[in-house]
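Peer 1: Have a look at the structure that comes next, please.
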Amino acid sequence: MKYAHIIGWGSFLPDRVLTNDDIAQIVDTSDEWIYARTGIRQRRIAGEAETTATLAFEASARALAVADVHPSQVDLIIVATSTPEYIFPSTASRVQDYLGAVRAGAFDLAAACSGFVYALNMAAQAIATGSVRTAIVVGAETMSRVLDWTDRSTCILFGDGAGAVVLKGSSVPGGILASTMRSDGSGGNLLRLPAVYHNPVPTLGPEYLGNGQDRNTIAMNGRQIFRFASHVVHASIQDVIKKADLDLQDVDLIIPHQANIRIIDHVAKKLKLPKEKFYVNVERTGNTSAASIPIALCDAVEAGRLRPDNNIVFVGFGGGLTWASAAVKWDVTPPEVSLLDREWKRTRYIMARGRSRLRRWGRRMGATLGGSPTPDARLRDADKKPEE
Ligand code: COA
């Protein structure tokens, strides 16, 4: 039996800050209203050149640098996201390419805001069976691209960002101790983001949009989602703690999905735990969906909230409906790597992107010179498009 230990972590937030006051310039709202209802003061918004894949790559490169693992040692990359640029290639395949993780398999996982915990569980199971030794699990989102910026009940909530962890198999007990995953599809309409093919170019004319039909933006019944979260989150934490053979008192820190401070306060009350047991950064990030837990984890490490041998719980909830928890023994001290060394490693990973461009160029040259209808030649035009 192999145990999956977290040995590296990293997050990345875009530079651009959008405050509540900024949003009040776009829709009829105010800083007071948003802060009182959600605990959010600001969120980050991806720049034009940034995509879910580039954010995921930056977070992964940081996590690998902390773990002191070279991309070629990675066997599996899972990116949990609801905002991929493409259905395929997956965001994970793009991250694999950017990193130069030449031996890794890669796929995306869609479980909305629970996605990171689902992905962590999948990777931990792959490690437990011995089929994978080292994995990167990422939560990454560009929610700003799928928001209806005229809908004040949703556009105030979400933000962009990415967080990643590196998992490694070890025979030493610990790491991911237990996990639970649940879904209730009957509530799917309460929080939804239609896929592109769900709503093709409107054949009924522009009036089709905004005509009560689904658009490719998030739609939510806020009250019902609040009620759903209030019912399932504390129970999910209790389930996973039991599975891990722990008591609530053994838990040092709970890192919940950062959706709304009032939901987190409600869970603390239900579990009769002090609020300090919950790590919260929603004020600065907004709801970054699948990215929120790994971003909060990195912030908690930075803030000195985690010590070796701590028991921590991740709990996610959101669209699907889905919810999931993981109990983790925070037990692996990362290798001593100086800041300079870490930055150098990160630079090396970034240089892998250059190698990837060379490979694309080589493939194109080969197809041009060979002139045969090989798969390479067929890929030629597709290769020209992405960010070159
Ligand atoms: N600014 C000012 N007023 C707003 C507003 C905003 N951004 N958004 C909604 N309102 C208004 C509504 O129009 C409504 O006005 P009315 O009474 O005149 O009709 C009033 O505020 C109450 O609306 P309601 O939707 O009932 O507000 P609420 O108290 O439920 O708060 C949320 C809305 C979205 C903050 C709250 O429902 C929530 O946090 N839900 C959970 C959402 C979540 O976490 N989703 C992600 C899960 S992963």
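Peer 1: Quick one: which residues, 5 or more positions from F278 or on another chain, have an amide H under 5 Å from its amide H? H modelled 1.01 Å from N in the peptide plane, none for Pro or chain starts.
Peer 2: I254
Peer 1: List, largest first, the extents of the alpha carbons of region 47-205 along their principal axes, each in whole Å.
Peer 2: Largest first, region 47-205 extends 59, 36, 28 Å along its Cα principal axes.
Peer 1: Describe numerically, in nm with one decimal, the distance between label points set 7 Å from Cα along Cα→Cβ at Q249 and at S171.
Peer 2: Between Q249 and S171, the simple spin-label model gives 3.5 nm.
Peer 1: Keeping all protein chains in place, calculate the accessible area per residue for the chain (probe 1.4 angstrom), answer in Å².
Peer 2: Values: 17870 Å² over 388 residues.
It amounts to 46 Å² per residue over the chain.
Peer 1: Something else about it: Just to confirm a number: summing +1 for Lys and Arg and -1 for Asp and Glu over residues other than A65 whose beta-carbon lies under 10 angstrom from that of A65, what do you get? If you can, show how the numbers build up before the last one.
Peer 2: Working: positive: R62, R342, K345, R346, R348; negative: D68, D341, E343.
With Lys, Arg at +1 and Asp, Glu at -1, the neighbours total +2.
Peer 1: Under 5 Å between amide hydrogens, which residues at least 5 positions from D184 or on another chain qualify, with H placed 1.01 Å from N in the peptide plane?
Peer 2: L321, T322
Peer 1: Could you compute how fast the chain diffuses translationally, taking Rh as the Kirkwood radius over C-alpha pairs and applying Stokes-Einstein at 25 °C with viscosity 0.890 mPa s? Give it in µm² per second. Don't skip to the end; give the middle numbers.
Peer 2: Details: Rh = 21.5 Å.
Result for D is 114 µm²/s.
Peer 1: Taking R0 as 30 Å, what's the FRET efficiency between K270 and R16 from their Cβ-Cβ distance, rounded to 0.05?
Peer 2: Numbers: r = 36 Å, r/R0 = 1.21.
After rounding, the FRET efficiency stands at 0.25.
Peer 1: Another question, then. Calculate the FRET efficiency for R307 and R227 from the Cβ-Cβ distance with a Förster distance of 41 Å, rounded to the nearest 0.05.
Peer 2: Working: r = 36 Å, r/R0 = 0.87.
Calculated transfer efficiency: 0.70.
Peer 1: Turning to a different aspect of this structure: Relative to the compact-globule scaling 2.2 N^0.38 Å, provide the ratio for the alpha-carbon radius of gyration of region 1-121. Walk me through the numbers on the way to the answer.
Peer 2: On the way: Rg = 17.2 Å, N = 121, 2.2 N^0.38 = 13.6 Å.
Normalised Cα radius of gyration, region 1-121: 1.26.
Peer 1: While we're on this one: First measure r as the distance between the Cβ atoms of Y35 and V102, then evaluate 1/(1 + (r/R0)^6) with R0 = 56 Å and state the FRET efficiency to the nearest 0.05. Intermediate results must be reported in sequence, preceding the final value.
Peer 2: On the way: r = 46 Å, r/R0 = 0.83.
Calculated value: 0.75.
Peer 1: Please state the shape class of region 290-331: rounded when a/c is under 1.5, otherwise prolate if a/b exceeds b/c and oblate if not, all from the C-alpha gyration tensor. Before the final figure, lay out each step's value.
Peer 2: Working: a/c = 4.37, a/b = 1.73, b/c = 2.53.
Since a/c reaches 1.5 but b/c is at least a/b, the shape of region 290-331 is classed as oblate.
Peer 1: Y118: net charge of surrounding residues, Cβ under 13 Å, Lys/Arg +1, Asp/Glu -1, itself excluded? Working shown, then result.
Peer 2: Numbers: positive: R182; negative: D108.
Summing Lys/Arg as +1 and Asp/Glu as -1 gives 0.
Peer 1: Evaluate the distance, in nm, between pseudo-label points positioned 7 Å from the Cα of Q73 and of A219 along their respective Cα→Cβ axes.
Peer 2: 4.9 nm
Peer 1: If you average the alpha carbon positions of region 1-61 and of region 260-326, how far apart do those two centres end up, in angstrom?
Peer 2: 15 Å
Peer 1: Once label points are set 7 Å from the Cα along Cα→Cβ at both D184 and S153, what is their separation, rounded to one decimal in nm?
Peer 2: 1.9 nm
Peer 1: Can you give me the long-range amide H partners of L177? Hydrogens built in the peptide plane at 1.01 Å from N, cutoff under 5 Å, separation of 5 or more residues or another chain.
Peer 2: A327, V328, K329
Peer 1: Sorted by packing (mean other beta-carbon atoms within 10 Å per residue), highest first, where do 268-279, 113-124, 216-227 land?
Peer 2: Working: 268-279: 14.5, 113-124: 28.7, 216-227: 16.1.
Ranked by mean Cβ neighbours within 10 Å, highest first: 113-124, 216-227, 268-279.
Peer 1: Counting pairs of alpha carbon atoms under 8 Å apart in space and at least six apart in sequence, what relative contact order in percent does the chain give? All intermediate terms of the calculation are to be shown ahead of the outcome.
Peer 2: Details: 877 pairs, mean separation 93.3, N = 388.
Rounded, it is 24 percent for the chain.
The values are calculated or read from the model by the stated rules, or taken from the named source; none is laboratory data. Computed from a predicted model, the values in this text were never measured in an experiment. With ideal geometry, Cβ positions are generated from the backbone for all residues, glycine too; neighbour counts draw on all protein chains shown. For accessibility, only protein heavy atoms count, side chains too; no ligands or nucleic acids. Shrake-Rupley method; radii C 1.70, N 1.55, O 1.52, S 1.80 Å.
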